[in-house]
1. Work out from phi, with θ = phi - 60° and the Karplus expression 6.51 cos²θ - 1.76 cosθ + 1.60, the ³J(HN,Hα) of each residue of the range 165-172, listed in order in whole Hz, and give x for Gly and Pro.
2. Among bridges DSSP assigns within the range 1-126, what percent are antiparallel (round to 5)?
3. Could you provide, to the nearest whole Å², the per residue accessible area of the range 1-137 with probe 1.4 Å?
4. Compute the orientation-averaged projected area for the range 197-301 from the convex hull of its Cα atoms and round it to one decimal in nm².
5. Show me, bin by bin at 10 Å from 0, the whole-percent P(r) of the chain based on Cα pairs.
6. Explain nothing, just compute: Karplus ³J(HN,Hα) = 6.51 cos²θ - 1.76 cosθ + 1.60, θ = phi - 60°, for every residue of the range 249-257 in order, whole Hz, x for Gly and Pro.
7. Mind checking the angle between helix 100-109 and the chain's longest principal axis? C-alpha axes, 0 to 90 degrees, to the nearest 10.
8. Report the percentage of all Cα-Cα pairs in the range 1-128 whose separation exceeds 17 Å, rounded to a whole percent.
Amino acid sequence: MRLAILSRNSKLYSTRRLVEAAQERGHEVKVVDVLSCYMNINMQQPEIHVKGDVLQGFDAVIPRIGASVTFYGTAVLRQFEMMGTYPLNESVAISRSRDKLRSMQLLSRKGIGLPITGFANKPADIPDLVDMVGGAPLVIKLLEGTQGIGVVLAETRQAAESVLEAFMGLKASVMVQEYIKEAGGADIRCFVIGDKVIAAMKRQAKPGEFRSNLHRGGTATLVRLTPEERSTAVRAARTMGLNVAGVDILRSSHGPVVMEVNSSPGLAGIEAATGLDVAGRIIEFIEKTSAIHKTRTRGKG
Ligand code: ADP
């Protein structure tokens, strides 16, 4: 196969591993920087150009689109889709998963466990919003935050209300969430490929911190999932329409709750914690599915 990896930087661990795994399995692979692509959008022959050359003849494309380039990145991916290239994750599914609130709404419609979550626009509604999610302590999240930045634990009602007022004053979109204290600063990253969790790790926040992101100093260890956790992760990925996803789950007293479904999950942490060849599993999945052009979200909005 000829594979394209949409990534801004070929030196990143995940990109390097995908290149390695593809080559090991006998495929030709090219790393394409989405921001270097420009497009000819027309009916007869949609094209993607890079520095005067036309990109063509790819069987499949692996999107590794960072949050900061979601808009342009998904447009380039959509162009690949229009050219008939099989996307590991479809552009619509990536856009869907990048919107935390939209994701929560879609997951809740499918009956997937979530922390109680609220969203409002007017400062006048803050007291009611805080009551709705069960009062303090509660978690406040900026909708456009990543890697734990923009996630705040408000221990008291007063703190919650003033932080919410401040964010709203800055016209930032925020959601409030029940604080899952019993998770003890740990979450579980489930790496889903197709309809299976192929790897999982537990991330524990450093002492004094409630956010378990590895970027925030968290540490990762192997974990055994319960059948309920497995099925929650797989259903969450399917609901978002993602073939490959990192589903983050908290162990709450009312069962597993999904915090986030990541469409470009990193490989470094999960491969280190589990010793598994996750990149190889991704390439293997593409081999199985791209030929028949099977993708769950094809044709759906
Ligand atoms: P980001 O997308 O920025 O990583 P998350 O929503 O995943 O933001 O939150 C970052 C971390 O904060 C999570 O990994 C988890 O450890 C912790 N966290 C987030 N929401 C809650 C919550 N409702 N209750 C308890 N801990 C939470």
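The values are calculated or read from the model by the stated rules, or taken from the named source; none is laboratory data. Note that this is a predicted model, so its numbers are computed, not measured. Every residue, glycine as well, gets a Cβ built from its backbone with ideal geometry; the counts of neighbours run over all protein chains shown. The accessibility values were calculated without ligands, DNA or RNA, using every heavy atom of the protein model including side chains. Shrake-Rupley method; radii C 1.70, N 1.55, O 1.52, S 1.80 Å.
1. With the stated coefficients, the range 165-172 comes to 4, 5, 4, 5, x, 8, 6, 8 Hz.
2. Close to 40 percent.
3. On a per-residue basis, 50 Å².
4. With the hull built on Cα positions only, its mean projection is 7.8 nm².
5. 6, 27, 33, 22, 10, 2, 0
6. 10, 10, 8, 9, 5, 9, x, x, 10
7. Between helix and principal axis, roughly 80 degrees.
8. 64 percent
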